[in-house]
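For reference, the structure is listed below as structure tokens.
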Amino acid sequence: MVFAVGRVFVITGPSGVGKGTLIRSLMREMPELALAVSATTRHPRPGERDGVDYHFLSDAEFDARIAAQDFVEHACYSGRRYGTLRSELESRLASGVPVVLEIEVQGARQIRHSMPEAVQVFIAPPSLHSLRERLKGRGTDDEAEVARRLQVAEAEIEAKDEFAHVIVNDELSDAEEQLKRLVRDTIAAGGGLD
Ligand code: ADP
Ligand code: 5GP
């Protein structure tokens with residue numbers, strides 16, 4: 001496995017809850033953190049760049065990376081595959097750089113088993129209604145995709161008690177502050193690992 005002196009922060013929770021928004025704010029305040037760029041077989045949204053937002057792979061490429069054991073976790077979400085590449089973690093963690101993963105719940109569970117020292121944070125919506133409004137308001141997914149994501153979200157929200165830390169993203173500034181405090185305090189307490 002990964003021999004790490006850096007911390008891993010797993011940020012999970014349903015699509016549309018605000019994980020990306022919160023992580024962008026966290027990274028602005030703490031540029032010493034590295035955000036792992038995931039691999040996916042879904043198509044790029046307008047404006048998304050390969051290697052920056054995701055490593056966009058074909059199904060065959062994704063299979064080849066699984067066969068090569070290149071993933072620390074991978075999962076199927078809404079008919080597409082997503083995974084965290086080992087290469088996004090290893091050198092950073094070895095040199096003490098904390099790494100943030102933004103992943104869905106199945107992947108977070110895999111990381112919990114393979115890297116129990118990772119700090120796991122579940123971002124919860126104030127209600128399913130507000131989650132629906134955020135997903136619709138983001139404007140990146142059509143109605144059918146929003147419905148699929150909301151269906152997955154119900155099961156994901158039921159899993160929230162599995163996670164060591166839960167932040168309800170109601171008032172954005174409050175959630176931003178809670179996440180920043182958690183990351184700052186964890187790093188200050190441990191430097192790297194416990
Ligand atoms: P995720 O990365 O979890 O899929 P995003 O960060 O893309 O979610 O957020 C989904 C939408 O919700 C975006 O349009 C974002 O601006 C909005 N949003 C995020 N946090 C809040 C909040 N606390 N209140 C209202 N809208 C929010
Ligand atoms: P989106 O299509 O909206 O970019 O992402 C869909 C879901 O996949 C989100 O919940 C997102 O957090 C999750 N996701 C993104 N990257 C990864 C990854 O590397 N692994 C896993 N398991 N989930 C991911």
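The values are calculated or read from the model by the stated rules, or taken from the named source; none is laboratory data. The structure presented is a predicted model; accordingly, all values stated were derived computationally and were not measured. Here the Cβ positions follow ideal geometry from the backbone for every residue, glycine too, while neighbour counts run over all protein chains shown. To get the accessible areas, we keep the full protein, side chains included, count just its heavy atoms, and leave off ligands, DNA and RNA. Shrake-Rupley method; radii C 1.70, N 1.55, O 1.52, S 1.80 Å.
Hey, among the residues in the range 21-44 that are touching an Asp or Glu at 6+ places or on another chain (Cβ under 8 Å) and within 13 Å of ligand 1 (Cβ to nearest atom), which one's farthest from Val183 (Cα to Cα)?
For the range 21-44, the residue satisfying everything is Ser38.
So, in the range 40-79, of the ones that are among the hydroxyl-bearing types (Ser, Thr, Tyr) and in a strand (DSSP E or B), which residue ends up least open to solvent (accessible area, probe 1.4 Å)?
For the range 40-79, the residue satisfying everything is Thr40.
Residue-by-condition table, conditions (1) over 17 Å from Glu88 (Cα atoms); (2) charged (D, E, K, R); (3) within 13 Å of ligand 1 (Cβ to nearest atom):
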position	(1), (2), (3)
Gly16	yes, no, yes
Lys19	yes, yes, yes
Asp50	no, yes, no
Tyr54	no, no, yes
Leu57	no, no, no
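From Ile123, Ile111, grab the single residue that is touching an Asp or Glu at 6+ places or on another chain (Cβ under 7 Å) and of a type in the set (Val, Ile, Thr).
Working: Ile123 fails: touching an Asp or Glu at 6+ places or on another chain (Cβ under 7 Å).
Among Ile123, Ile111, only Ile111 is touching an Asp or Glu at 6+ places or on another chain (Cβ under 7 Å) and of a type in the set (Val, Ile, Thr).
If I filter the range 178-192 for residues that are under 17 Å from Leu22 (Cβ atoms), part of a strand (DSSP E or B) and of a type in the set (A, V, I, L, M, F, W, C), do I get at least one hit?
Scanning the range 178-192 turns up no residue that is under 17 Å from Leu22 (Cβ atoms), part of a strand (DSSP E or B) and of a type in the set (A, V, I, L, M, F, W, C).
So, of the residues in the range 93-113 that are at pLDDT below 95 and of a type outside the set (A, V, I, L, M, F, W, C), which turns out to be farthest from Gly16 (Cα to Cα)?
Out of the qualifying residues, it is Ser95.
Of all residues in the range 88-124, which are open to solvent by 20 Å² or more (accessible area, probe 1.4 Å) and within 14 Å of ligand 1 (Cβ to nearest atom)? Please lay out each step first, then the result.
Step one: filter the range 88-124 for residues open to solvent by 20 Å² or more (accessible area, probe 1.4 Å), giving 88, 90-92, 94-97, 102, 104, 106, 109-110, 112-114, 116-117.
Result: Glu102, Glu104.
Restricting to the range 80-111, name every residue that is without any contact (Cβ under 8 Å) to a residue 60 or more places away in the chain and among the charged types (D, E, K, R).
Within the range 80-111, the subset without any contact (Cβ under 8 Å) to a residue 60 or more places away in the chain is 80-85, 87-88, 91, 106, 109-110.
Scanning the range 80-111 gives Arg80, Arg81, Glu88, Arg109.
Go through the range 130-145 and give me each residue that's within 17 Å of His43 (Cβ to Cβ), more than 20 Å from the chain's Cα centre (by Cα) and assigned to a helix (DSSP H, G or I).
Correct list: Ala144 only.
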